[in-house]
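Asks: The structure is given below, and queries will be raised subsequently.
The values are calculated or read from the model by the stated rules, or taken from the named source; none is laboratory data. Bear in mind the structure is a predicted one, so any value in this text is a computation, not a measurement. Note that each Cβ is placed from the backbone with ideal geometry, even for glycine, and that neighbours are counted across all protein chains shown. Accessible surface areas use protein heavy atoms only, side chains included; no ligands, DNA or RNA. Shrake-Rupley method; radii C 1.70, N 1.55, O 1.52, S 1.80 Å.
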Amino acid sequence: MNQPSNKIHSDKRQWLDKVHQQRRERSVSIGIDTIEYLVEQGIPVTYHNISQYSKQFDTQGKGIHSNTIKSNDELYTYYKKHSKTYKVNKIRKKPTTPPMFDESSLRKISPKRDIDVVKTKYMKLSKEELVNRLIAVEQYVAENQKLWVANHFEQFK
């Protein structure tokens, strides 16, 4: 009379897998249709645009959520192939190695330099590069201040 629990569990699991597979296929077909439509219309292929326009291709009118694109491997691969914003962000996120700090560059700084040129030069740097440069300059100033104080103290002996 008592059924083994593993048999009940496997029956429920098969039903759930079947429903999950149907939803996955629905998401892929709607997503691909939407991406193709966006490419034809010249609209940028972004998560937001896919989510927004997918409602037109869904018979239920729900569309697909942007997280569905990320979690579905087949749909995500298709998105990466057609999205220009993905390619731009991938290029932009390349890790950059911080440049080596050169003390001689600090010694060459003239107080008569054009501040606007310097500002445009710094505006082109990334946030990480600016932080690394600022830390290096602070270290340089701290070390030189320590040397100056020691030198100044020696003069009074």
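Asks: With θ set to phi - 60°, apply the Karplus curve 6.51 cos²θ - 1.76 cosθ + 1.60 along region 105-112 and write out the HN-Hα couplings as whole Hz, x wherever there is a Gly or Pro.
Replies: Values, residue by residue: 5, 5, 6, 7, 5, 9, x, 8 Hz.
Asks: Something else now. Quick one: 3J(HN,Hα) in Hz for region 128-136, Karplus 6.51/-1.76/1.60 with θ = phi - 60°, rounded, Gly and Pro as x.
Replies: Values, residue by residue: 5, 5, 5, 5, 4, 5, 4, 5, 5 Hz.
Asks: Compute the FRET efficiency between ASP17 and LYS84 as 1/(1 + (r/R0)^6), taking r as their Cβ-Cβ distance and R0 = 22 Å, and round to the nearest 0.05.
Replies: 0.05
Asks: Once amide H atoms are placed 1.01 Å from N in the peptide plane, what residues at a sequence separation of 5 or more from ASP58, or on another chain, have their amide H within under 5 Å of its amide H?
Replies: So ASP58 has HN proximity to GLY63.
Asks: Right, here's the next one. In whole percent, how big is the carbon plus sulfur part of the accessible area of region 12-87, probe 1.4 Å, protein atoms only?
Replies: 48
Asks: Please report, as a whole percent, how much of the solvent-accessible surface of region 109-155 comes from carbon and sulfur atoms (probe radius 1.4 Å).
Replies: The value for region 109-155 is 61 percent carbon and sulfur by accessible area.
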